[in-house]
Amino acid sequence: MTLNISWIWAARIAKVLALLLFLLPWVAVSCNGQPLIEATGYQLATGAPEVADIPVPKEKLEAAWWAIAGAVVIALGLVGSFALKGVKNAGRAVLVSSVLAIALLGGGMGQMVGQMRGAIEKETGKPDKGGSEMEALERQLSQMMGQAIRVEIKNGFWLTLVFLAAAGACGVATQVPPRGRRSEAAVDNTGGA
């Protein structure tokens, strides 16, 4: 039983660390290496990313529902690990909440980055329609800008997923009976003969 208790505490610590990693950068948009936008998990959840010297209307910045839902699921799993009776039940809560949080955060980040990259490509990849030399130059400049803009998922996000996976693995470990322990039914009652 002691080993299972150790696993649940390891899972709880991993969950707390996953929540703390919401304070590290998760995504950045840069142009030729110059950061334009950088956001932590917390900033994505609140809709308040750091924007470098670019006037962005506040109504354009929306909270990422998936970041909010991910944080809530992580917190509920952590609370459930303390509230539920028995190490196995606590382990199940950790496991289920970890898997759900990984799905929410991974899917949400993938969708957000895909939309950002799609918008950049749409704006910068306009086809040649002929026209004047000035229009051709504008299209060429636009394409060069599109090649210079990068959307990058930062290490804070990846570490969050790693700690959630670790918490889930610890949750699985709580479901396995410790090795070397025999149940009372399996003890030889013949007195060793």
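I'd like to check something: does the stretch 31-52 contain any residue that is open to solvent by 70 Å² or more (accessible area, probe 1.4 Å), of a type in the set (D, E), at pLDDT below 90 and in a loop (DSSP other than H, G, I, E, B)?
So far as the stretch 31-52 goes, no, none of its residues is open to solvent by 70 Å² or more (accessible area, probe 1.4 Å), of a type in the set (D, E), at pLDDT below 90 and in a loop (DSSP other than H, G, I, E, B).
From the set of residues in the stretch 2-30 that are of a type outside the set (S, T, N, Q) and in contact with a Pro (Cβ under 7 Å, 6 or more places away or on another chain), which is surrounded by the most Cβ atoms within 10 Å (Cβ to Cβ)?
By that ranking, first place goes to A28.
What are the pairs, 6+ residues apart or on separate chains, where a residue within the stretch 60-80 that is within 15 Å of I8 (Cα to Cα) and without any contact (Cβ under 8 Å) to a residue 40 or more places away in the chain has its Cβ under 6 Å from a residue that is of a type in the set (A, V, I, L, M, F, W, C) and assigned to a helix (DSSP H, G or I)?
G80/A93
Within the bounds of the stretch 99-115, is there any residue that is under 17 Å from A166 (Cα atoms) and open to solvent by 70 Å² or more (accessible area, probe 1.4 Å)?
Checked the stretch 99-115: at least one residue is under 17 Å from A166 (Cα atoms) and open to solvent by 70 Å² or more (accessible area, probe 1.4 Å).
Is there a residue being within 19 Å of Q111 (Cα to Cα) and either out of contact with any strand residue (DSSP E or B) (no Cβ under 6 Å at 6 or more places or on another chain) or modelled with pLDDT of 95 or more (or both) anywhere in the stretch 74-97?
For the stretch 74-97, residues within 19 Å of Q111 (Cα to Cα) and either out of contact with any strand residue (DSSP E or B) (no Cβ under 6 Å at 6 or more places or on another chain) or modelled with pLDDT of 95 or more (or both): absent.
The values are calculated or read from the model by the stated rules, or taken from the named source; none is laboratory data. Please read all numbers here as calculations on a predicted model, not as lab measurements. Don't worry about glycine lacking a Cβ; one is built from the backbone with ideal geometry, like all the others, and counts go over all protein chains shown. For the accessible areas, the whole protein counts, side chains as well, though only heavy atoms, and no ligand, DNA or RNA atoms are used. Shrake-Rupley method; radii C 1.70, N 1.55, O 1.52, S 1.80 Å.
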